Amino acid sequence: MEISEHIAAVANDGKMLAEAAQQAGLEAVVEPCPGWNVRDLVRHLGMIHLWAASHIAFPHDEPGYESEDEEHAAFAGFWPTLGIFWPDDGDLIDWYLRTNANLVDSLESASPNLEAWTFLRAPSPLAMWARRQAHETAVHRFDAQDALGAASEFDPVFAADGIDELLAGFAPRKQEFPIETARAMHVHAVDTDDHWLVTMGPDGIDTSRNASPADVSVSGAASDLYLTLWNRGKDSSLNVEGDRELLDLWHNNVRVRWS
């Protein structure tokens, strides 16, 4: 996908998330994120948008703030009208939309040759941040809609892109995995014909783009795979052949968390 497509997704999914949050109410439970309600979800994503925008608009090394208060102060220094933690409930969704618009503006205004800190492999820093924020927003858009009971599907190409970010970007960052011998999972998005071979071993995870034989094969529509691999969907929507316990091992051990 092009950077411009990722930026458009940030804006579109952000608006849909805000609409769903408004309708669901801030107290609605967000089941995929244990302990969260919609208020927590909106606060989290607004913070993430500010964090991402700070690296794009004010490039700096990852500072590793020593406290949440220090991090909040840094964002307030960048954007005094947005660095409010936290807005009153009546202002929270509008505040989120403004953090989303600020991120979109930062991405659109950035130079293609932007030099910035990154944490996933990508053709460029701008490409990484646009892609990461597109899928961060999309997955949490689903969470908000799911809390409302009206979740919608994802475009197959976009979903396949998000699967690739998870399998080839995030998963290989793990340096260990609770398994004694290496075993492989083949993932096939049937509507885009994308394939991934995910090898899980004691020293971590390795992902390649091929359709080699595997201990378990998981296939289905890209949107269903996207949600399932991000621990949002149900395996029943997919065709699973082989060792289902390996897929369960994935669910229990591959989770992306903000910390």
Among residues belonging to region 44-62 that are free of Cβ contacts under 8 Å to residues at least 60 places away in the same chain and touching a helix residue (DSSP H, G or I) at 6+ places or on another chain (Cβ under 7 Å), point out the one that is nearest to ALA130 (Cα to Cα). ALA53
Note on region 12-36: residues outside any loop (DSSP other than H, G, I, E, B) and crowded, with 18+ Cβ neighbours inside 10 Å are ASP13, GLY14, LEU17, ALA18, ALA20, ALA21, ALA24
Mind listing whichever residues of region 210-227 are at pLDDT below 95 and out of contact with any strand residue (DSSP E or B) (no Cβ under 6 Å at 6 or more places or on another chain)? PRO213
Would you check which residues across region 188-220 are in a loop (DSSP other than H, G, I, E, B) and under 20 Å from ALA159 (Cβ atoms) and list them? VAL190, ASP191, THR192, ASP193, ARG209, ASN210, ALA211
Taking region 205-222, which residues are buried (at least 23 other Cβ atoms within 10 Å of the Cβ) and in contact (Cβ under 8 Å) with a residue 40 or more places away in the chain? ILE205, ALA222
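Matching residues to (1) hydroxyl-bearing (Ser, Thr, Tyr); (2) in a helix (DSSP H, G or I); (3) surrounded by 15 or more Cβ atoms within 10 Å (Cβ to Cβ):
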| position | (1), (2), (3) |
| --- | --- |
| TYR65 | yes, no, no |
| HIS72 | no, yes, yes |
| GLY83 | no, no, yes |
| LEU97 | no, yes, yes |
GLU19 passes all but one of the listed conditions (1) touching a residue at least 12 places away in the same chain (Cβ under 8 Å); (2) more than 15 Å from the chain's Cα centre (by Cα); (3) at negative phi; the exception is number (1)
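Any residue that is touching a helix residue (DSSP H, G or I) at 6+ places or on another chain (Cβ under 7 Å) and hydroxyl-bearing (Ser, Thr, Tyr) - is there at least one of those in region 171-191?
From region 171-191, those touching a helix residue (DSSP H, G or I) at 6+ places or on another chain (Cβ under 7 Å) are 177-179, 183, 185, 187, 189, 191; that's our starting set.
With the extra rule that they be hydroxyl-bearing (Ser, Thr, Tyr), the set shrinks to none.
Within region 171-191, not a single residue is touching a helix residue (DSSP H, G or I) at 6+ places or on another chain (Cβ under 7 Å) and hydroxyl-bearing (Ser, Thr, Tyr).
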Out of region 65-80, which residues are of a type in the set (Ser, Thr, Tyr) and more than 17 Å from ALA52 (Cα to Cα)? SER67
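The values are calculated or read from the model by the stated rules, or taken from the named source; none is laboratory data. Source: prediction; values computed, not measured. No Cβ is skipped: glycine too gets one built from the backbone with ideal geometry, and neighbour counts run over all protein chains shown.
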